[in-house]
Amino acid sequence: MKIRATDGKSLTSMHCGGAIAQLMEVESLPELIDLVGRLPDFHVLGGGTNTIFADAPTTTPVIKLGQAFDYLRLEGDRLYAGAACQLHAVLMFCRDSGLSGIEFLTGIPGTLGGALWMNAGTGDKGIMDVVETIDLVDAQGQHIIARAGIQAGYRRAEIPPRTIITGACLHLRPGDKDAIAAHINRYLERRRAQPKGYSSGCIFKNPLGTSAGMLIDQAGLKGTRIGEAYVSETHANFIINTGGATCADIQALIARIKAEVKARFGIDLEEEVRFLG
Ligand code: EPU
């Protein structure tokens, strides 16, 4: 296991946050089980694309899965994948193997583990829809849980606390490689229109039956800025860090957006990003 000091800025796509005393990169399953049994508290980080660290130092250890958890193994139309795999790599592997079912994940950054944890996807589909079993580690050891044993919904999978996702079996279906590639390209086109720059993707979940981006846009909040964080002009559900934004800037902007949307439409927006530290 490698343990080092780092900061939130280096670990997240939002590119902000203070010092992190201990980033623990775990290199094997026994090491992970031992660690989870020993640590009184910890955070788990996937690709850092949906996480924002506090400005104050984070003293709780942050666990990140190393290369031992970056594997892809195909058995017929079942793909056994490690939580540390980049989602994009999983998608490309499926395309090249002629397996269909996860094209909707195109363009979503981060790792498989992070995607499973929040049931990443589009408005109407989530990765948990294609999961057959999920591998979890807690202080007792590793458990392979059937999908039916996990409550999941829009951007939500109920993973018990102090439990780490180490991998999953995705049940896919054979498909024509060209058709899969074309499907992926259609999603890529949609994603290309999304804002560039330091961000965490969509900041808020879509409220039932409507779109957070549309509500924030209609509230006239595009371009609203606090410190070095502003609401994207391209897509109102993205907050962009111009480089020096603090976590406090982002939280203040979130509070302002929530208050404005509540006042205008009576709707409570709920964050999709998670704050740690
Ligand atoms: N809209 C506006 N103004 C804006 C942004 C959007 O009016 O500034 C309108 C659009 O015109 C459209 C509607 O809102 O009618 C929905 O917008 P969009 O198609 O961009 O989809 P979304 O619901 O905002 C969801 C996911 C995205 C994903 C896209 C495309 C959520 C919270 N977001 O966005 O996921 O990329 O669909 O599949 O579910 C993410 O989770 O980080 C993310 C970016």
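Where a number appears in this text, it was derived from the coordinates with a stated rule and is not lab data. Please read these numbers as outputs of a predicted model, since none were measured by experiment. When we count neighbours, we look across all protein chains shown, and the Cβ atoms used for this are built from the backbone with ideal geometry, even at glycine.
Cβ-Cβ distance of Ala259 and Thr59, R₀ of 22 Å, FRET efficiency by 1/(1 + (r/R0)^6): the value works out to about 0.10. By DSSP, the beta bridges lying fully in the stretch 11-100 are antiparallel in about 35 percent of cases. Counted residue by residue at 0.36 nm each, then reduced by the alpha carbon distance between them, the extension gain from Thr210 to Ala21 reaches 64.0 nm. Over the stretch 1-128, the Kirkwood radius and the radius of gyration, each from Cα atoms, give a ratio Rg/Rh of 1.00. Considering the chain, its Cα convex hull presents a mean projected area of 14.2 nm².
Extension gain for the segment Arg162 to Ala139, taken as residue separation times 0.36 nm less the Cα-Cα distance, is 7.5 nm to one decimal. Taking other C-beta atoms within 10 angstrom as a stand-in for reagent exposure, Phe53, Phe275, Phe42, Phe204 fall in the order Phe275, Phe42, Phe204, Phe53, fewest first. Listed by chain and number, the aspartates and glutamates whose C-alpha is less than 12 Å from the C-alpha of Lys258, apart from same-chain residues fewer than 8 away, are Asp268, Glu270, Glu271.
Farthest toward the positive end of the dipole of the chain, out of Gln151, Val44, Thr234, is the Cα of Thr234, where the dipole comes from beta carbon charges about the Cα centre.
Please compare each pair in Lys9/Lys262; Lys9/Lys64; Lys64/Lys205 to a cut-off of 19 Å on the Cα-Cα distance and tell me which ones are over it. Cα-Cα > 19 Å for Lys9/Lys262; Lys64/Lys205; rest within. The alpha carbon centroids of the stretch 110-163 and the stretch 175-195 are separated by 24 Å. Once each of the GluC sites (Glu not before Pro) sitting in a DSSP loop with at most 16 other beta-carbon atoms within 10 Å is removed, the chain keeps 28-157 as its longest stretch. For Glu132, the residues whose modelled amide H falls within less than 5 Å of its own, excluding neighbours fewer than 5 places apart on the same chain, are Cys169, Leu170, His171. A straight chain from Arg73 to Glu31 at 0.36 nm per residue would run longer than the Cα-Cα distance by 12.9 nm. Rounded to the nearest 500, the helix-only mean residue ellipticity at 222 nm of the chain stands at -8000 deg cm²/dmol, with each DSSP H run of n ≥ 4 adding -39,500 (n - 2.57).
Straight-line reach from Lys177: taking Cα to Cα under 25 Å and skipping same-chain neighbours fewer than 8 places apart, the lysines in range are Lys125.
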